[in-house]
1. For segment 17-151, what's the relative contact order in percent, using C-alpha pairs closer than 8 Å and at least 6 residues apart?
2. Magnitude of the Cβ-charge dipole of segment 288-350, K/R +1 and D/E -1, about the Cα centre, nearest 20 debye?
3. Using each residue's phi in segment 140-146, evaluate 6.51 cos²θ - 1.76 cosθ + 1.60 at θ = phi - 60° and report the 3J(HN,Hα) Karplus result to the nearest Hz, with x for Gly and Pro.
4. If you take the charge dipole of the chain about its Cα centre, with +1 on Lys and Arg Cβ and -1 on Asp and Glu Cβ, which of GLY108, PHE562, LEU32 is farthest toward its positive end?
5. Give the long-range amide H neighbours of ASN162: residues separated by 5 or more places, or on another chain, with amide H under 5 Å away, using H modelled in the peptide plane at 1.01 Å from N.
6. Can you pull the Rg over Rh of segment 61-130, Cα-only, Kirkwood?
7. Counting only C-alpha contacts under 8 Å and six or more residues apart, can you give the relative contact order of the chain as a whole percent?
8. Could you work out how far apart the two model spin labels at GLU33 and ALA179 are, taking each label as a point 7 Å from the Cα in the direction of the beta carbon, and quote it in nm?
Amino acid sequence: MKRLLSLIWIPLFLLLLALGGVVGATRLQASLENYRPPDLTALVQKGPVRVTEPLSHRVVLVVVDGLREDTSYQMPFLNELRQKGISGSSRDGQPSYSKPGYAVISSGAWQETTGVTMNTHQGPLQVETMFQVARKAGLKTAMVADEWWGELNEDTVDFNYNYRDADSHDPATDEKAYADALKTLRQDRADLTLVHFCQVDTQGHAAGGAGTKAYLDAALHIDQFIKGIVGALDLSRDTIIVTSDHGHLTRNNRGGSGHGGWEKEVISSPLVLAGSGIRPSSLLLKAEQVDLAPTCTALLGLRAPAQSQGQILWAALDAPPRAQALLELERLGLNRDFTALYLKQAGSTLTPDSGAQDPTIGAGAEGVAEGGKTSANRWLSTAGKLAASRDFAGAFSAARQGNRQLGLLFSEARSDRVKTGRWFRLWVPFLAAAAAYLIWRRRQSPWFLPLLVSFLAHVALDAAFYAGVWHNTYSLGVFPDASLATFFKLFGWPGYLALTPIIGYWWVIAKRLQGPSLLGRGTLIEIILLGSALSQLVIFLLAYFWVGYPIGWPLPDFRVGFFEMSALLHLVFLGPLGIILPPLAWLMGLMTARQLTKRSSSG
């Protein structure tokens, strides 16, 4: 009777898990696509945007979509440009998809702040952009780019050359973009110009991110475009910056090519700066994608965008002490206001006046409060007084210390909020421990060992097929635009193949120990499926404990979030087997019983 009941409740439980997997995966994906941060856009700067005299007549930012940092060193002209200026790498944010990268480059704010986490995002940015800052200063802006750039920067660009995203895979589109870029640059129409090329990204998706001729050929073709753009500039008075929105994975398969995750080759973009206002150096610049917007506005003598979370790349800039001091001081004021708003939204008790102990922050003038703890507002006051007395070197140093102080407070508040969320989810590990204890108490059951072995072996074998046989990667790059058929290939087939040796082994063992018991065979299959499904359920629950569910603010660690989604999709494909396999096992057992009956009759 117990075996008969198991053939009823276990399939129902597995189907319930499958249904939960469908709902859970759909909701998890939707929470990322529809992610919205708290109101960090209320910060409006009413003061003047012009801070100092410009370091450059005009700034041209070239974004080569999908260009890996290592591949950029195979581009001859870009290497020449490196010799004339300074180069390094830029760390991109996550998720490392295209439209989120465009938003970060435009605003200097991370995905967590802009609210743009997927290419499916609709509508203009709700945070201030460098194009808005330039227009507020009375400067002209131009954009030669995919329509996604235009959508994010709606009504903030004077000269728009946007092409349809649907046409971005056509090489002719980049040819047209190059012609339009030369047209607007030769006419000297804009102070800030963005030029965007797509073909490298197209070939990265189609042929793989590195080591393929198509990908390198596309990069070399764009290299000639960059040469032509520089030819239309006067680097004694103009500035060019070349970068990418993200890199690409190496392997060319649906689970391995692309981008979106945290891999070094994906989030390390090339960065080359040359021309007016740039200090030539062999120093390898270490930057972040959020640094581009405040650096571009600084070259134009303007303040950074209001929600910018980056810093001005002073190691790359050739700026007089007065300009350095005033621009860094202005950034400190913006940073203080933004950090205060962030701390409030995070529910933190910290304020910009809280202060924090940091041995890397030096003691300068009035910047150090009692006990060695530094207040960002005191740094702001100190820097202002030093600038007023024309001690620009001192003012610059104090302002930088204040910005570093705010960075510490920001990180502390974010970390506290993440940890608080985990406290509310502490029931998860306790529940898992209690369930494990109850199962362990029944270790004398004949079904305990098959349950335990399938629980442990399925995870290992699934990983072996997923990564070892099909060379798929554990990356967010497998999710965008993926169909049910793709998910079946990525998570269904490896899971099914992982079951094969487990079922085969226990089938032989059951035959030796129990004979051709019809209910016994069906129950054995159910127990194996239950153990495999429980392993994925545990993975989901542990990921849920660590990063929460669904995706909220602040954005989670996507390396853990990947396994949260993966576990849900595994449950989707494992669940229906609880209905399909036991009857098959029953029929096989029936056939075996008949064969034995015939043999005994003939004997």
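1. Details: 86 pairs, mean separation 37.3, N = 135.
The normalised contact order for segment 17-151 reaches 28 percent.
2. Values: 5 positive and 6 negative charges, 45 e Å.
For segment 288-350, the charge dipole is close to 220 debye.
3. Taking θ as phi minus 60°, the curve returns 9, 10, 9, 9, 10, 6, 4 Hz for segment 140-146.
4. PHE562
5. ALA145
6. Numbers: Rg = 14.2 Å, Rh = 13.6 Å.
Result for segment 61-130 is an Rg/Rh of 1.04.
7. Details: 1140 pairs, mean separation 122.3, N = 603.
Normalised by residue count, the contact order of the chain is 20 percent.
8. Distance between label points: 3.6 nm.
The values are calculated or read from the model by the stated rules, or taken from the named source; none is laboratory data. The structure displayed is predicted, hence computed values, not measured ones. Glycine also receives a Cβ, built like all others from the backbone with ideal geometry; neighbour counts cover every protein chain displayed. Note: accessible area is taken over every heavy atom of the protein model, side chains too, but ligands, DNA and RNA are not part of it. Shrake-Rupley method; radii C 1.70, N 1.55, O 1.52, S 1.80 Å.
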